[in-house]
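Single-structure report; data block below.
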Amino acid sequence: ARAAGRNRWVWYANNMASQRDHKRDMAQRIEQALRDDEFTLHYQPRYQLQSGRLAGAEALIRWQPAGGPPIPPDRFIPLAEENGLIVAISDWVLARACRDASGWGADRYVSVNISPVEFRTTDLVERVARALASSGLPATRLELEITENVTFEHPQQALEVMQGLRALGVRLTVDDFGTGYAALGYLKTFPFNGLKIDRSWMKDFPESQQAESVVAGIIALAHAFALTITAEGIETEAQLDQLKRLSCEEGQGYFLGRPMPLLAFAALLDSTSHT
Ligand code: C2E
Ligand code: CA
Ligand code: CA
Ligand code: CA
């Protein structure tokens, strides 16, 4: 039994070491990818559900290493959050998204995902201001999506950063609502403009009575806090119809449009702005 225990320990130690190697290797690859310009942004259209109007787009990062398979954001964003490279990535995303969106016409916005760890430092406000200034994009056309657990570690600090961002004129949205452990009080404490229901809640919606009640409840909750509500992960017409009936303001999902390269999104804007 002792030998087995030791073997397990050796296996565990080796595994830890290889995980550490993997992380170091990934960090170097991310830095190299920033230098080699291997990141791109895709844009997923967001619609006003009641009018059907194309309201803007969410910027989603894509990584296509030269000669290798694409690496999905779920595989490198968490690592970049851990090792701090997320700041360099986000600066790149902010600059590119603001520049791209400045060509979309007066009332279309772009929304950018900001990692919770970026709220640990107060320079987020300056970083966002810099991206806006160098692109010329008005602050009112930028939205930041912040995962709901952001507010817990350093609430006072997060509040000040959010107030600074709001003072610029930027809109703030709670992302992935319903996946974290946040207490409802933070909807009142922090200056959010909107709330996004996580797509995991769309799974059995609207067929299941329970999913339907939960989604209706989240929409009512958002409205009680005077927040605009966006549903993500809309994959069927039945979901779209029911969300409209429940007075959900905005939506996105494969049924409405997949994330697409800038040129495709610009073409979509072009084809809808005349109708
Ligand atoms: P998220 O913020 O929840 O973004 C929505 C994800 O759902 C995206 O995955 C999108 O492609 C996918 N999606 C959209 N509509 C549908 C649908 O109808 N059905 C299904 N099954 N999926 C749909 P993606 O692009 O792989 O991004 C995954 C996550 O990575 C994002 O989740 C976000 O947390 C993070 N991420 C992506 N880009 C960035 C970025 O630029 N910065 C940061 N910090 N995080 C990012
Ligand atoms: Ca998001
Ligand atoms: Ca997110
Ligand atoms: Ca989500």
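Derivation of every value follows stated rules applied to the coordinates shown; laboratory data play no part. Quick caveat: nothing in here was measured; it's all calculated off a predicted structure. Note: ideal-geometry Cβ built from the backbone for every residue, glycine included; neighbour counts use all protein chains shown.
Would you please give the FRET efficiency between L184 and D204, computed as 1/(1 + (r/R0)^6) with r the Cβ-Cβ distance and R0 = 22 Å, to the nearest 0.05? Before the final figure, lay out the partial values.
Numbers: r = 23 Å, r/R0 = 1.06.
Using R0 = 22 Å, I get an efficiency of 0.40.
The ranking of V170, V214 by Cβ neighbour count inside 10 Å, starting from the fewest, reads V214, V170. Computed from backbone phi, the HN-Hα couplings of the range 166-174 come to 4, 5, 5, x, 6, 8, 10, 10, 6 Hz, rounded to whole numbers (Karplus: 6.51 cos²θ - 1.76 cosθ + 1.60, θ = phi - 60°; Gly and Pro given as x).
Here the range 193-275 is described by how far its Cα atoms reach on the three principal axes: 39, 27, 21 Å, from widest to narrowest. Excluding same-chain neighbours fewer than eight residues apart, the lysines reachable from K196 by a Cα-Cα span under 29 Å are K188, K244.
Site pair L159 and K244 shows an inter-label distance of 4.1 nm when each label is modelled 7 Å from Cα along Cα→Cβ. Across the range 202-218, rounded Karplus estimates of 3J(HN,Hα) from the backbone phi angles (6.51 cos²θ - 1.76 cosθ + 1.60, θ = phi - 60°) give 7, 3, 9, 8, x, 4, 7, 4, 5, 4, 4, 5, 5, 4, 4, x, 5 Hz, Gly and Pro being marked x. Counting only Cβ charges, +1 for Lys and Arg and -1 for Asp and Glu, the dipole size of the chain around its Cα centre is about 500 debye. Whole-percent P(r), the chain, all Cα pairs, 5 Å bins from 0: 1, 5, 11, 15, 16, 16, 14, 9, 5, 3, 2, 1, 1, 0, 0, 0.
Distance between the pseudo-spin-label points of D36 and E81 (7 Å out from Cα toward the beta carbon): 2.6 nm. For the range 124-259, the dipole from Cβ point charges (+1 on Lys and Arg, -1 on Asp and Glu) about the Cα centre works out to 480 debye, to the nearest 20.
Annotation: amide H of L144 within the under-5 Å range of V112, R171, L172, T173, sequence separation 5 or more or interchain, hydrogens built in the peptide plane. Based on the reciprocal of the average 1/r between different C-alpha atoms, the Kirkwood radius for the range 130-171 equals 11.3 Å. For T228, nonlocal amide neighbours, meaning residues 5 or more places apart or on other chains whose placed amide H falls under 5 Å from its own, are G194, L195. Each Lys or Arg adds one and each Asp or Glu takes one away; over the other residues whose Cβ falls under 12 Å from the Cβ of F192, this sums to 0.
Compute the signed sum of charges (Lys and Arg +1, Asp and Glu -1) over the other residues within less than 11 Å, Cβ to Cβ, of R130.
Values: positive: R127; negative: D91, D123, E126.
Counting the neighbours of R130, the net charge comes to -2.
Taking other residues whose beta carbon is less than 12 angstrom from the beta carbon of F76, and scoring Lys, Arg as +1 and Asp, Glu as -1, yields -2. Taking the charge dipole of the chain about its Cα centre, with +1 at Lys and Arg Cβ atoms and -1 at Asp and Glu Cβ atoms, the residue from W104, A167, Q157 reaching farthest to the positive side is Q157.
For the range 134-275, divide the Cα radius of gyration by the Kirkwood radius and give the resulting Rg/Rh value with two decimals. Walk me through the numbers on the way to the answer.
Working: Rg = 16.4 Å, Rh = 16.5 Å.
On the Cα set of the range 134-275, Rg over Rh gives 1.00.
Debye-formula intensities of the range 51-135, expressed as log10 I(q)/I(0) at q = 0.12, 0.24 Å⁻¹, are -0.42, -1.22 (one equal scatterer per alpha-carbon, no solvent).
Extension gain, Y254-R20: 0.36 nm per intervening residue step, less the Cα-Cα distance, totals 80.6 nm.
Applying the Kirkwood pairwise sum to the alpha-carbon positions of the range 58-189 produces a hydrodynamic radius of 15.5 angstrom.
What number, rounded to the nearest 500 deg cm²/dmol, is the helix-based mean residue ellipticity at 222 nm of the chain, given -39500 (n - 2.57) per DSSP H run of at least four residues and division by all its residues?
Details: 9 runs with 130 residues, N = 275.
It comes out at -15500 deg cm²/dmol, rounded to the nearest 500.
The 3J(HN,Hα) values that the Karplus relation (6.51, -1.76, 1.60; θ = phi - 60°) gives for the range 257-265 are, in residue order, x, 7, x, 9, x, 3, 4, 5, 5 Hz. Gly and Pro appear as x. Under a model in which nothing but the beta-carbon of Lys, Arg (+1) and Asp, Glu (-1) is charged, the range 234-275 shows a dipole of about 20 debye around its Cα centre. In this simple spin-label approximation, R8 and Q48 carry label points 7 Å from Cα along the Cα→Cβ vector, and these lie 6.1 nm apart.
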